[in-house]
1. Filter the range 34-78 for residues that are surrounded by fewer than 22 Cβ atoms within 10 Å (Cβ to Cβ), free of Cβ contacts under 8 Å to residues at least 60 places away in the same chain and either in contact with a strand residue (DSSP E or B) (Cβ under 7 Å, 6 or more places away or on another chain) or over 26 Å from residue 5 (Cβ atoms) (or both) and give the result.
2. With (1) out of contact with any helix residue (DSSP H, G or I) (no Cβ under 9 Å at 6 or more places or on another chain); (2) at positive phi; (3) not in a loop (DSSP other than H, G, I, E, B) as the list, and residue 206 as the residue in question, which single condition is left unmet?
3. Given the conditions (1) farther than 30 Å from residue 31 by Cβ; (2) surrounded by 13 or more Cβ atoms within 10 Å (Cβ to Cβ); (3) in contact with a strand residue (DSSP E or B) (Cβ under 9 Å, 6 or more places away or on another chain); (4) in contact (Cβ under 8 Å) with a residue 12 or more places away in the chain, which single one is not true for residue 161?
4. Taking residue 214 as meeting all but one of (1) assigned to a loop (DSSP other than H, G, I, E, B); (2) touching a helix residue (DSSP H, G or I) at 6+ places or on another chain (Cβ under 8 Å); (3) without any contact (Cβ under 8 Å) to a residue 40 or more places away in the chain, write down the number of the exception.
5. Could you say which residue among 195, 220 is closer than 29 Å to residue 34 by Cα, in contact with a helix residue (DSSP H, G or I) (Cβ under 8 Å, 6 or more places away or on another chain), modelled with pLDDT of 95 or more and assigned to a loop (DSSP other than H, G, I, E, B)?
6. Go through the range 65-85 and give me each residue that's part of a helix (DSSP H, G or I) and farther than 16 Å from residue 12 by Cβ.
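The values are calculated or read from the model by the stated rules, or taken from the named source; none is laboratory data. Quick caveat, the model's predicted, so the values are computed rather than measured. Methodologically, a virtual Cβ is constructed for each residue, glycine included, from the backbone with ideal geometry; neighbour enumeration extends over all protein chains shown.
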């Protein structure tokens, strides 16, 4: 898994997925245009901004190249983003330092196009990125007002370790923004560690309900472009959970 997420081509795919224009990500009018801007929508369509104070703290787990982390700065004064991929975190940190990052994405064969990701000065303030394992986060991190984890759960070898740590990461009254397509693959998660098989949503509720109450549920489509004629179209289950006080 680590090698997969350290390739230059995959870095380009994720930079495009997070920062690319709608026209570059889905250039076909016949294609599923509703799948663009997922890294933004997984925040804005789930978060409850009305319950956040001006000094709210955010945590983005499995942040990839960081677009959702930057989006969280609209609602939180300080945001930490973590991912296991060092190349993804390096790209995100470059965006913090410089506000821009040039990248390449595949058109066809071995021909690539050039693009530039840009993040505003305002969104770069109060953000830091670090390499970390969602299944083995350092003790003492948190609690946070908002924890965001998008398309992470079914890419973990031990999703139970991450889920069991969430009550420590989200402060009482805080919110968990969790999105997952439940794409269980043994290459990422051994079969015995899957959350479910056909009943993953129900299993997720059983795990979280002793500590969280679900407040929001919606379908979040997303598109990852591999090249100009090949795309991954998926639908993530987006949920917002409120951390219980007791």
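1. Selection gives 49, 50, 54, 55, 73, 74, 77, 78.
2. Just one mismatch for residue 206, condition (2).
3. (3)
4. So the condition that residue 214 fails would be (1).
5. Residue meeting the stated conditions: 195.
6. 68, 69, 70, 71, 72
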